[in-house]
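Report on one structure; see the data block that follows.
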Amino acid sequence: MGLLLLGACGESPTAPVLVDVALGRIIFVTSEAFSATFGGVEGGDRVCASLATAAGLAGFYRAWLSDDSGLSPSTTFTTGDTPVVLTSGVRVADDWEDLIDGTINNPVVVDERGDQPTSVAMVWTGTDSSGTATATTCNGWSSGSGASSGLVGVFDALDVGWTASRTAPCDQLGRMYCVQQ
(Lines give C-alpha, C1' and ligand atoms only; values in the text may rest on other atoms or scores of the structure.)
Protein backbone atom coordinates (compact mmCIF):
# COMPACT_ATOMS: atom_id res chain seq x y z
CA MET A 1 0.00 0.00 0.00
CA GLY A 2 1.40 3.44 -0.95
CA LEU A 3 1.76 6.50 1.16
CA LEU A 4 0.35 9.92 0.47
CA LEU A 5 1.47 13.18 2.00
CA LEU A 6 -1.38 14.74 3.95
CA GLY A 7 -1.11 18.16 5.56
CA ALA A 8 -3.18 19.77 8.24
CA CYS A 9 -5.31 22.85 7.71
CA GLY A 10 -3.20 25.81 6.63
CA GLU A 11 0.00 23.84 6.02
CA SER A 12 2.22 24.55 3.06
CA PRO A 13 1.55 22.30 0.04
CA THR A 14 5.26 21.45 0.14
CA ALA A 15 5.48 20.50 3.85
CA PRO A 16 2.89 17.73 4.41
CA VAL A 17 2.76 14.72 6.76
CA LEU A 18 2.79 11.04 5.61
CA VAL A 19 -0.43 8.97 5.79
CA ASP A 20 -1.89 5.99 3.94
CA VAL A 21 -2.87 6.78 0.30
CA ALA A 22 -6.31 5.19 0.79
CA LEU A 23 -7.29 8.08 3.07
CA GLY A 24 -7.73 10.75 0.39
CA ARG A 25 -9.37 11.59 -2.92
CA ILE A 26 -7.11 13.71 -5.14
CA ILE A 27 -7.98 17.16 -6.47
CA PHE A 28 -5.68 19.16 -8.74
CA VAL A 29 -5.67 22.26 -10.90
CA THR A 30 -4.71 21.49 -14.50
CA SER A 31 -1.18 22.23 -15.65
CA GLU A 32 -2.63 23.46 -18.93
CA ALA A 33 -4.90 26.46 -19.58
CA PHE A 34 -7.78 26.52 -22.06
CA SER A 35 -10.24 28.89 -23.67
CA ALA A 36 -13.84 27.92 -22.89
CA THR A 37 -14.25 25.78 -26.02
CA PHE A 38 -13.23 22.45 -24.49
CA GLY A 39 -16.51 20.69 -25.28
CA GLY A 40 -18.71 20.92 -22.21
CA VAL A 41 -18.51 18.97 -18.99
CA GLU A 42 -17.72 15.81 -20.95
CA GLY A 43 -14.80 17.57 -22.66
CA GLY A 44 -13.54 18.77 -19.29
CA ASP A 45 -13.79 15.21 -17.95
CA ARG A 46 -11.69 14.00 -20.91
CA VAL A 47 -9.06 16.66 -20.18
CA CYS A 48 -8.90 15.59 -16.52
CA ALA A 49 -8.67 11.90 -17.38
CA SER A 50 -5.93 12.52 -19.93
CA LEU A 51 -3.82 14.70 -17.62
CA ALA A 52 -4.24 12.30 -14.67
CA THR A 53 -3.24 9.31 -16.80
CA ALA A 54 -0.19 11.13 -18.23
CA ALA A 55 0.89 12.00 -14.68
CA GLY A 56 0.47 8.39 -13.52
CA LEU A 57 -2.41 9.14 -11.15
CA ALA A 58 -4.69 6.19 -10.39
CA GLY A 59 -8.45 6.33 -10.57
CA PHE A 60 -11.14 8.15 -12.55
CA TYR A 61 -11.18 11.96 -12.65
CA ARG A 62 -13.97 14.43 -13.40
CA ALA A 63 -13.76 18.16 -14.04
CA TRP A 64 -15.24 20.48 -11.38
CA LEU A 65 -17.55 21.98 -14.01
CA SER A 66 -21.23 22.68 -14.47
CA ASP A 67 -23.15 23.38 -17.65
CA ASP A 68 -26.43 24.90 -18.81
CA SER A 69 -28.25 21.54 -18.75
CA GLY A 70 -27.81 21.17 -14.99
CA LEU A 71 -24.81 18.85 -14.96
CA SER A 72 -22.75 19.81 -11.93
CA PRO A 73 -20.48 18.28 -9.30
CA SER A 74 -23.47 18.16 -6.92
CA THR A 75 -25.33 15.87 -9.35
CA THR A 76 -22.51 13.83 -10.90
CA PHE A 77 -19.69 13.50 -8.34
CA THR A 78 -19.05 10.77 -5.83
CA THR A 79 -19.70 12.26 -2.40
CA GLY A 80 -18.91 10.94 1.05
CA ASP A 81 -16.58 11.07 4.02
CA THR A 82 -13.26 10.70 2.17
CA PRO A 83 -10.88 13.65 2.57
CA VAL A 84 -10.06 15.64 -0.57
CA VAL A 85 -6.29 16.14 -0.94
CA LEU A 86 -3.81 17.72 -3.35
CA THR A 87 -1.43 15.53 -5.32
CA SER A 88 1.15 16.65 -2.74
CA GLY A 89 -1.07 15.17 -0.01
CA VAL A 90 -2.16 18.42 1.63
CA ARG A 91 -5.80 18.26 2.72
CA VAL A 92 -8.14 20.62 0.86
CA ALA A 93 -11.33 19.44 2.56
CA ASP A 94 -12.18 16.89 5.24
CA ASP A 95 -14.94 15.37 3.08
CA TRP A 96 -17.57 16.30 0.47
CA GLU A 97 -19.58 18.44 2.90
CA ASP A 98 -16.45 20.37 3.86
CA LEU A 99 -15.60 20.89 0.17
CA ILE A 100 -18.99 22.53 -0.51
CA ASP A 101 -19.47 24.53 2.72
CA GLY A 102 -18.08 27.81 1.35
CA THR A 103 -14.49 27.49 2.57
CA ILE A 104 -11.70 25.00 2.00
CA ASN A 105 -8.79 24.14 4.28
CA ASN A 106 -6.03 24.77 1.73
CA PRO A 107 -6.10 26.23 -1.79
CA VAL A 108 -5.99 23.99 -4.87
CA VAL A 109 -2.57 25.21 -6.00
CA VAL A 110 -0.93 21.98 -7.14
CA ASP A 111 -1.33 20.43 -10.61
CA GLU A 112 -1.48 16.77 -11.64
CA ARG A 113 2.33 16.51 -11.66
CA GLY A 114 2.69 17.99 -8.18
CA ASP A 115 3.86 21.37 -9.47
CA GLN A 116 2.48 24.76 -8.50
CA PRO A 117 1.40 26.78 -11.58
CA THR A 118 2.77 30.33 -11.65
CA SER A 119 0.40 31.93 -14.15
CA VAL A 120 -3.26 31.94 -15.21
CA ALA A 121 -4.87 31.88 -11.78
CA MET A 122 -8.38 31.77 -13.32
CA VAL A 123 -10.16 28.39 -13.21
CA TRP A 124 -13.28 27.67 -15.30
CA THR A 125 -16.08 26.24 -13.11
CA GLY A 126 -19.62 27.48 -13.81
CA THR A 127 -20.16 26.11 -10.32
CA ASP A 128 -21.12 27.82 -7.07
CA SER A 129 -19.60 26.92 -3.71
CA SER A 130 -22.25 24.25 -3.07
CA GLY A 131 -21.22 22.36 -6.22
CA THR A 132 -24.35 23.50 -8.09
CA ALA A 133 -24.58 24.79 -11.67
CA THR A 134 -24.83 28.50 -12.39
CA ALA A 135 -26.14 30.08 -15.58
CA THR A 136 -22.73 31.43 -16.55
CA THR A 137 -20.97 28.65 -18.48
CA CYS A 138 -19.78 30.10 -21.82
CA ASN A 139 -22.77 28.48 -23.55
CA GLY A 140 -22.05 25.08 -22.02
CA TRP A 141 -18.28 25.48 -22.50
CA SER A 142 -18.62 25.67 -26.26
CA SER A 143 -18.14 29.43 -26.79
CA GLY A 144 -14.76 31.07 -27.12
CA SER A 145 -16.30 34.46 -27.76
CA GLY A 146 -15.26 37.44 -25.68
CA ALA A 147 -18.91 38.55 -25.84
CA SER A 148 -20.03 35.67 -23.58
CA SER A 149 -18.75 34.84 -20.10
CA GLY A 150 -18.20 31.99 -17.68
CA LEU A 151 -17.98 31.75 -13.91
CA VAL A 152 -14.43 31.23 -12.70
CA GLY A 153 -12.67 30.47 -9.46
CA VAL A 154 -9.22 31.52 -8.34
CA PHE A 155 -6.94 28.62 -7.48
CA ASP A 156 -5.29 30.30 -4.50
CA ALA A 157 -8.56 31.23 -2.71
CA LEU A 158 -9.84 29.62 0.49
CA ASP A 159 -13.35 31.12 0.50
CA VAL A 160 -16.13 30.73 -2.11
CA GLY A 161 -13.72 32.40 -4.55
CA TRP A 162 -11.97 29.07 -5.11
CA THR A 163 -14.93 28.09 -7.32
CA ALA A 164 -17.06 31.25 -7.72
CA SER A 165 -14.92 34.38 -7.79
CA ARG A 166 -16.19 36.33 -10.81
CA THR A 167 -17.15 35.98 -14.47
CA ALA A 168 -14.61 36.18 -17.26
CA PRO A 169 -14.82 36.47 -21.06
CA CYS A 170 -14.84 33.06 -22.72
CA ASP A 171 -11.90 33.89 -24.99
CA GLN A 172 -9.57 34.12 -21.97
CA LEU A 173 -7.39 31.24 -20.82
CA GLY A 174 -8.33 29.37 -17.67
CA ARG A 175 -7.44 26.13 -15.95
CA MET A 176 -9.79 23.44 -14.61
CA TYR A 177 -10.04 21.58 -11.32
CA CYS A 178 -10.04 17.79 -11.55
CA VAL A 179 -11.36 15.55 -8.78
CA GLN A 180 -10.80 11.83 -8.34
CA GLN A 181 -14.09 9.91 -8.13
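Look through the stretch 94-121, keep the residues that are hydrophobic (A, V, I, L, M, F, W, C) and touching a Phe, Trp or Tyr at 6+ places or on another chain (Cβ under 8 Å), and return whichever of them is nearest to Ala33 (Cα to Cα). Give the steps one after another, and end with the answer.
From the stretch 94-121, those hydrophobic (A, V, I, L, M, F, W, C) are 96, 99-100, 104, 108-110, 120-121; that's our starting set.
Narrowing further to those that are touching a Phe, Trp or Tyr at 6+ places or on another chain (Cβ under 8 Å): 96, 104, 108-110, 121.
On the way: Trp96: 26, Ile104: 23, Val108: 15, Val109: 14, Val110: 14, Ala121: 9 Å.
Per the criteria, the residue is Ala121.
Filtering the stretch 130-155 down to residues that are modelled with pLDDT of 90 or more and within 10 Å of Thr37 (Cβ to Cβ), which residue is surrounded by the most Cβ atoms within 10 Å (Cβ to Cβ)?
So, considering only residues that are modelled with pLDDT of 90 or more and within 10 Å of Thr37 (Cβ to Cβ), the one surrounded by the most Cβ atoms within 10 Å (Cβ to Cβ) is Cys138.
Please go through the stretch 156-181 and give me each residue that is closer than 18 Å to Thr132 by Cα, open to solvent by less than 40 Å² (accessible area, probe 1.4 Å), of a type outside the set (Val, Ile, Thr) and in a loop (DSSP other than H, G, I, E, B), ordered by number.
Selection gives Ala164, Met176.
When you go through Leu18, Leu5 one by one, which is the residue that is more than 15 Å from the chain's Cα centre (by Cα), at pLDDT below 50, of a type in the set (A, V, I, L, M) and within 21 Å of Phe155 (Cβ to Cβ)? Don't jump to the end; show me each part of the working.
On the way: Leu18 fails: within 21 Å of Phe155 (Cβ to Cβ).
Of the residues listed, the single one that is more than 15 Å from the chain's Cα centre (by Cα), at pLDDT below 50, of a type in the set (A, V, I, L, M) and within 21 Å of Phe155 (Cβ to Cβ) is Leu5.
Which residue out of Thr30, Thr75 is of a type in the set (Val, Ile, Thr) and either at pLDDT below 90 or farther than 18 Å from Val90 by Cβ (or both)?
None of the other options fit; the residue is Thr75.
Taking the stretch 37-66 only, how many residues are part of a loop (DSSP other than H, G, I, E, B) and surrounded by fewer than 21 Cβ atoms within 10 Å (Cβ to Cβ)? Give the steps one after another, and end with the answer.
If we filter the stretch 37-66 for residues that are part of a loop (DSSP other than H, G, I, E, B), which is where we start, we get 37-39, 55-60, 64-66.
Subsequent filtering for residues that are surrounded by fewer than 21 Cβ atoms within 10 Å (Cβ to Cβ) retains 37, 39, 55-60.
Count: 8.
Residue by residue through the stretch 67-93, note down the ones that are within 23 Å of Asn139 (Cβ to Cβ) and either surrounded by fewer than 15 Cβ atoms within 10 Å (Cβ to Cβ) or touching a Phe, Trp or Tyr at 6+ places or on another chain (Cβ under 6 Å) (or both).
Ser69, Gly70, Pro73, Thr75
Do we have Gly126 as open to solvent by less than 10 Å² (accessible area, probe 1.4 Å) and not acidic (Asp, Glu) here? Break it down into steps so the answer makes sense when it comes.
Values: open to solvent by less than 10 Å² (accessible area, probe 1.4 Å): yes; not acidic (Asp, Glu): yes.
Against the criterion (open to solvent by less than 10 Å² (accessible area, probe 1.4 Å) and not acidic (Asp, Glu)), Gly126 qualifies.
Just wondering, is there one or more residues in the stretch 137-149 that are within 25 Å of Ala52 (Cα to Cα), hydroxyl-bearing (Ser, Thr, Tyr) and touching a helix residue (DSSP H, G or I) at 6+ places or on another chain (Cβ under 9 Å)?
Yes, there is a match, as at least one residue in the stretch 137-149 is within 25 Å of Ala52 (Cα to Cα), hydroxyl-bearing (Ser, Thr, Tyr) and touching a helix residue (DSSP H, G or I) at 6+ places or on another chain (Cβ under 9 Å).
I'd like the full set of residues that are open to solvent by 50 Å² or more (accessible area, probe 1.4 Å) and either in contact with a helix residue (DSSP H, G or I) (Cβ under 8 Å, 6 or more places away or on another chain) or not in a loop (DSSP other than H, G, I, E, B) (or both), limited to the stretch 94-111. Spell out how you get there, then give the answer.
At the first step, the residues of the stretch 94-111 found to be open to solvent by 50 Å² or more (accessible area, probe 1.4 Å) are 94, 97, 101, 103.
Within the stretch 94-111, Glu97, Thr103 meet the criteria.
The values are calculated or read from the model by the stated rules, or taken from the named source; none is laboratory data. The structure displayed is predicted, hence computed values, not measured ones. Neighbour counts run over all protein chains shown; Cβ positions are idealised from the backbone, glycine included. The area values use the complete protein model at the heavy-atom level, side chains included, leaving out ligands, DNA and RNA. Shrake-Rupley method; radii C 1.70, N 1.55, O 1.52, S 1.80 Å.
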